[in-house]
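Shown next, in structure tokens, is the structure this report addresses.
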Amino acid sequence: MAVRMRTLSRYLWVVLACSGMIVSGCAAAKKSSAQLPLEFDQERMFLQAAPYDRLYVEVDRVEGVTVDPRWLAELKDFLANCCRKPGGIQMVQGKPIPLADARGLSPNELAGMRLEGPATPRTAYLYVLFYDSKKLGRKKPDNPHVSYGDYPCAIYYDVAYARKEQGYFAANALRHEAGHALGLCKDRSHGDGAHCSNKNCLMYWTFVLKRDWFKRPPIRKQLCARCQKDLLEAQAGKPDQRFFFNGPVLVRQEKDYWVLSYPGMVGLAFDRQHAMDWEALLRSYRAWIQTRGKTNGSSIYAVWQLKAQGKDGIGRLKKAIEQARHDPSPLVQDTAREAQRELQKELRRKPTKIAASLQEEWTAAAISRGE
């Protein structure tokens, strides 16, 4: 969400000011629509009843932030109306994150340190984080957005943004960002692949805010007919079986490699054993966050696993990395290039054998892409 000021004549501005109304625009900025490439249909894990028949929504807030229960109730209703989950939707709030622990972390990193994921199988997963950028010492408030990179399963909401208009803005913004997680507006016949072209739709790129001095019930934006049609078509379509959840990690299985996505992180694995070891992945990522020093919060933690035995194994690994270099995701392409360079260095040192275990050793790089 980004602010857009409408152009008003001087006379009209005086009239509005005298009537006690403030008009501004709130937009879902282009970068807030961080979605996987359009050829992926990972959102069907949320929209369809199988293979995940329930949805778990984990909600966190940083100390000092108040979350109106009505925001969460409306978000849950929106998800219930959009997602076919016969096992139900569970929304759980954790204990507040101490402010001291949150300072110095980007929203992605804060989520990466905190979120736990579902405790039951056959459960799709969403994460929602509320924070106040002003209390975290940041100069400008953040747009409400979904997680950058290849993990469209986390929603970040900065209460410092449009602070005085929260009664109108918050519930709409949360539902709008949830719409991104659900893959709405991928149909470019009525939008740009992320936002709807219908100005009255919840998924339009901007909201007009009106501070209501008379305390009337705030207007709730709704999905337009074409977005609703998109939902029905996605619910009836074939699931994208490449995607599945492993704990809180979103996994995509390709022919010769696996992509593991998490807030602020992407991983490449080239055998199933390592692809399934998400706990080791998170331990490494969280250790990196704690020891990385100061950053500008704009990097994605990219990791890869290299393990091969003998000439044939090395040949298969080279082929898999080359395939990942042509992955539809630019972030995966960048990670594969880093892995390829590392493999070449390893081969120069020990040309007949590579033995790097995911549980014992990570190879990593910070890629400048994201927030």
Margin query: Just to check your reading of the model, which residue among Lys255, Lys294 is surrounded by fewer than 18 Cβ atoms within 10 Å (Cβ to Cβ) and modelled with pLDDT under 85?
Written below: Lys294
Checklist line | Residues within region 187-228 that are assigned to a strand (DSSP E or B) and either in contact with a Lys or Arg (Cβ under 6 Å, 6 or more places away or on another chain) or modelled with pLDDT of 90 or more (or both), tallied | finding: 6
Notebook entry, point to check: How many residues does region 102-111 contain that are crowded, with 23+ Cβ neighbours inside 10 Å and touching a Leu at 6+ places or on another chain (Cβ under 8 Å)?
Noted result: 4
Next item on the list: Identify, by number, the condition in (1) on the phi < 0 side of the Ramachandran plot; (2) at pLDDT below 95; (3) not in a helix (DSSP H, G or I) that Gly104 doesn't meet.
Entry: (1)
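Here is a check on your reading of the model: is Leu129 in contact (Cβ under 8 Å) with a residue 24 or more places away in the chain, assigned to a strand (DSSP E or B) and at negative phi?
yes
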Check: What number of residues within region 46-65 are part of a loop (DSSP other than H, G, I, E, B) and more than 21 Å from Glu109 (Cα to Cα)?
Finding: 6
Notebook entry, point to check: Does any residue of region 266-283 turn out to be among the basic types (Lys, Arg), touching a residue at least 40 places away in the same chain (Cβ under 8 Å) and surrounded by fewer than 23 Cβ atoms within 10 Å (Cβ to Cβ)?
Noted result: no
Item checked: Which numbered condition Lys311 fails, given (1) surrounded by fewer than 15 Cβ atoms within 10 Å (Cβ to Cβ); (2) modelled with pLDDT under 85; (3) within 30 Å of Leu136 (Cα to Cα) -> (3)
Next item on the list: Filter region 55-66 for residues that are surrounded by fewer than 17 Cβ atoms within 10 Å (Cβ to Cβ) and closer than 19 Å to Glu116 by Cβ and give the result.
Entry: Glu63
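The values are calculated or read from the model by the stated rules, or taken from the named source; none is laboratory data. It should be emphasised that the depicted structure is a prediction, and the values quoted were computed from it without experimental measurement. FYI the Cβ positions are ideal-geometry reconstructions off the backbone, even for glycines, and counts take in every protein chain you see.
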